[in-house]
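Each remark here refers to the structure printed beneath this line.
The values are calculated or read from the model by the stated rules, or taken from the named source; none is laboratory data. Given the structure is predicted, the values throughout are model-derived calculations rather than measurements. Neighbour counts are summed over all protein chains in view; Cβ atoms, including those assigned to glycine, are modelled from backbone coordinates with ideal geometry. These accessible areas exclude ligands, DNA and RNA; they are computed on the full protein's heavy atoms, side chains included. Shrake-Rupley method; radii C 1.70, N 1.55, O 1.52, S 1.80 Å.
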Amino acid sequence: MTENGEGNEQEKSRKSVKEGLLLKQTSSFQRWKRRYFKLRGRTLYYAKDSKSLIFDEVDLSDASVAETSTKNINNSFTVITPFRKLMLCAESRKEMEDWISALKSVQKWETYEASQFNMEHFSGMHNWYACSHARPTFCNVCREALPGVTSHGLSCEVCKFKAHKRCAVRSTNNCKWTTLASIGNDIIEDEDGVSMPHQWLEGNLPVSAKCVVCDRNCGSVRRLQDWRCLWCKAIVHNSCKEQLGKVCPLGQCKVSIIPPTALNSIDSDGFWKATSPSCSSPLLVMVNSKSGDNQGVKFLRRFKQLLNPAQVFDLMNGGPQLGLRLFQKFETFRILVCGGDGSVGWVLSELDKLSLHKQCQLGVLPLGTGNDLARVLGWGGLCDDDAQLLQILEKLERATTKMLDRWSVMTYEVPTKQTPAIITQYADSVATHLTKILDSDKHSDVISSAKFLCGTVNDFVGEVGKAYERATENKEEADAMAKKCAMLNEKLDSLVKALSEDANAQLVPSGSISPDESDSDQSRPFRSREQLMLRANSLKKALRQIIDQAEKGHSSLDSTYTHSTCLFHRQCTEKCVMNNYFGIGLDAKISLEFNNKRDEHPKKCSSRTKNMMWYGVLGTKELVQKTYKNLEQRVQLECDGVPMSLPSLQGLAVLNIPSYAGGINFWGGTKEDNNFGAPSFDDKKLEVVAVFGSMQMAMSRVINLQHHRIAQCRQVKITILGDEGVPVQVDGEAWIQPPGIVQIVHKNRAPMLTRDRVSKCDTSLIREVANTHKVVEQELAHSVNASAAVLSEAFPSKPSSPEVTRTLLLLDC
């Protein structure tokens, strides 16, 4: 901390590089307090809030930044200077990474601009995180041992460079190379051009390390000695190093690695300039760091260690655009998306925008919840072990290509139904005059309002009658409307007649007698206000029936017009693109409720097991509620233009792939039969099935049901009737679709990398399948227990229904 001076005043006058709220750890009992931080020049300022007049300062001239741990669940990082250590915590991982990037940038560049690149990849700067080691480890800067029994210190997440916290500032920017310029003087040039040299890192070798030259043990637990290549992973003794060839073969991942010698620079358009023919089909890796209970962070680091860091991108830090734009000039390249089905759809949509489908193929590493697309492509339902990445890259290099059909979900929404202006106008006029008749004490006002009322109602009845005769083709409806209009006229005449008779009479309250009972036979008849109100209310009721009938006729006519002319006179718009499946009704409601719960309580839906549990709970609730029972009365289905007769159901599912909701074969088979062909994701056909309830969806996990098949077609049209919207979902993303039309038509085809089927003797696959079944059984057991708890809370005094009991027993089995 320093005193404010003239130099600092000049520093403060600069524009803030970055500012915002962070949690700061205090020295008292390690408590956290919220503080407002500003990064200006090479100084970090912080105070209680943004309006504070006095800010504390931290000089960043000789500072380093590190994440606080490997997993780093709380998104914390440490700013280390020669004089102090500042531990900070951000609200999200992206916010933390933005702060780390900004803090690093001010050490190398005078100004920091939020560019489309993560510049630390191209600067050689280390990406520190605090960690402990199980064996003696040595600092690569001062060569002394890291302190403590567990050798606590800093480690670079990419190259594994080790350092004391005090030494990190003095470390050279020699992290893993990314481009030709980063290699520097180590570059190898000969008659054949530029070659890739080894990039050596000294010491801290594995226990079982052996020299590739003499095949003897390497490394030491007493000091920093011997070498390891960051690219080919070769390990050599100090004495054997000169005997090894200077050109690096790049190791087992050679096909997937983009060597730094192949990336000369980034041109003015923002594309890589490829300079080496050896990189014929580079691999672009995109990782969703939030997928798999934040397991994506671990995979992100591991891929940077195995490949060139410049070919690995975090989808949560800039999306797919940056990586795709950098690789756009390559004639062909492969993409590996590490995440769930949503991440895959995100990347495919960006490929649509850039028109890159013809020059790239896409593979999937499943890290999400359902991972249905990864299942049908042969990559399994889940990958949670980053130690398998080397084998996965090898399988990706041997993968074959199949085309994935992609579908446009087109929507047209019926305009909001409004009462016609003529109905509103007459209804307001009638209400005004009736109020005057009932409330006024002046007979002249009453008679005047009655006359206006008579004319208004006569005009209204005439207009409605004419419009209804013109609009309706049903003679019975027209006759019914005519009778109602005649009845309304009779009631109006009765009210007007009564008012005329009483025009000169004295109105007395109900139950009272006339002023002169002896002359009652000669006086005018008296009417009580209650009697007049009865006649007026009777008139209002008759008028309301006419208005309701008119609105109903108008609505019906609007509906008929909309449904018959939408496709011909109005253009539907593309709502989204479907890769896996579309759902409407029951399953979409469950997805919508889950998405809402995840948005409200992210920590409750932070892992695959928790997500599966919540789906089970929400599905079990629908066993009792049956929110969309008789959905067939609210929707109409057409397949290839043919109207389909629907049974009593709670939902519809339109399938592009034979895996649904986390591995269910909802079509009920994979082979051709007498009625339908074999389902496939590259036949330009969709499979349409009925959803009868949660129990059917649960049974489909263990039994191939087929009685719910509706059609196999090339185009689907669903009409939503009525005034209320219905939940729909596409690939797990749900929303409420208003009344109107949803149409699913073929969009394009995307080349996908698929894993070939292996023989029965592949024991690794058998082991993988067994482990997957074990995980599914555990998840189902958790879901059953959670569902039973929810039901017992919802119905504490009632025993479970037979249907619920059967479902829970089936799930438990």
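Residue-wise, which Karplus ³J(HN,Hα) couplings in Hz belong to segment 723-736, taking 6.51 cos²θ - 1.76 cosθ + 1.60, θ = phi - 60°, and x for glycine or proline?
9, 9, x, 10, x, 10, 9, 10, 6, x, 8, 10, 7, 8
Taking amide H positions as placed 1.01 Å from N in the peptide plane, with prolines and chain starts having none, which residues 5 or more places from LEU283, or on another chain, fall under 5 Å of its amide H?
Placed amide hydrogens put ILE258, ARG334 under 5 Å from LEU283.
Enter the accessible area per residue of segment 260-398 (Å², integer; probe 1.4 Å; all protein chains in place).
33
Taking K and R as +1 and D and E as -1, what net charge do the other residues with C-beta under 12 Å from the C-beta of CYS139 add up to? Mind showing how you got there, number by number?
Working: positive: ARG143, LYS162, LYS165, ARG166, ARG170, ARG223; negative: GLU144, GLU202.
Spelling it out: positives minus negatives among the neighbours equals +4.
Quickly work out the SER69-to-LYS358 label distance, labels modelled 7 Å from Cα along the C-beta direction, and quote it in nm with one decimal.
Roughly 5.1 nm, to one decimal.
Go through segment 675-690 residue by residue and turn each phi into a ³J(HN,Hα) via Karplus (6.51, -1.76, 1.60, θ = phi - 60°); whole Hz please, and just put x for glycine and proline.
Running phi through 6.51 cos²θ - 1.76 cosθ + 1.60 with θ = phi - 60° gives 9, 9, x, 5, x, 8, 8, 10, 10, 6, 10, 10, 10, 10, 10, 8 Hz.
Label VAL169 and ASN238 with points 7 Å out from Cα along Cα→Cβ: what is the distance between them in nm?
3.0
If Lys and Arg each add +1 and Asp and Glu each add -1, what is the summed charge of the other residues whose beta carbon sits under 10 Å from the beta carbon of LYS94?
My count for the surroundings of LYS94 gives -3.
Count charges around ARG84 for me, please; just the other residues with Cβ under 13 Å from its Cβ, Lys/Arg as +1, Asp/Glu as -1.
0
With θ set to phi - 60°, apply the Karplus curve 6.51 cos²θ - 1.76 cosθ + 1.60 along segment 75-81 and write out the HN-Hα couplings as whole Hz, x wherever there is a Gly or Pro.
Result, rounded to whole Hz: 6, 9, 8, 10, 9, 10, 10.
So how do ILE54, ILE718 rank on accessible area, 1.4 Å probe, biggest first, that is with the largest at the start? Mind showing how you got there, number by number?
Working: ILE54 135, ILE718 0 Å².
Sorted by accessible area, descending: ILE54, ILE718.
Please list, ordered by chain and number, the residues whose modelled amide H lies under 5 Å from the amide H of TYR628; skip anything fewer than 5 residues away on the same chain.
The answer is none.
Hey, can you grab everything whose amide H is under 5 Å from the amide H of VAL364? Only 5+ residues off in sequence or another chain; H modelled, so Pro and N-termini drop out.
Under 5 Å from the amide H of VAL364 lie the amide H atoms of VAL337, each far enough along the sequence or on another chain.
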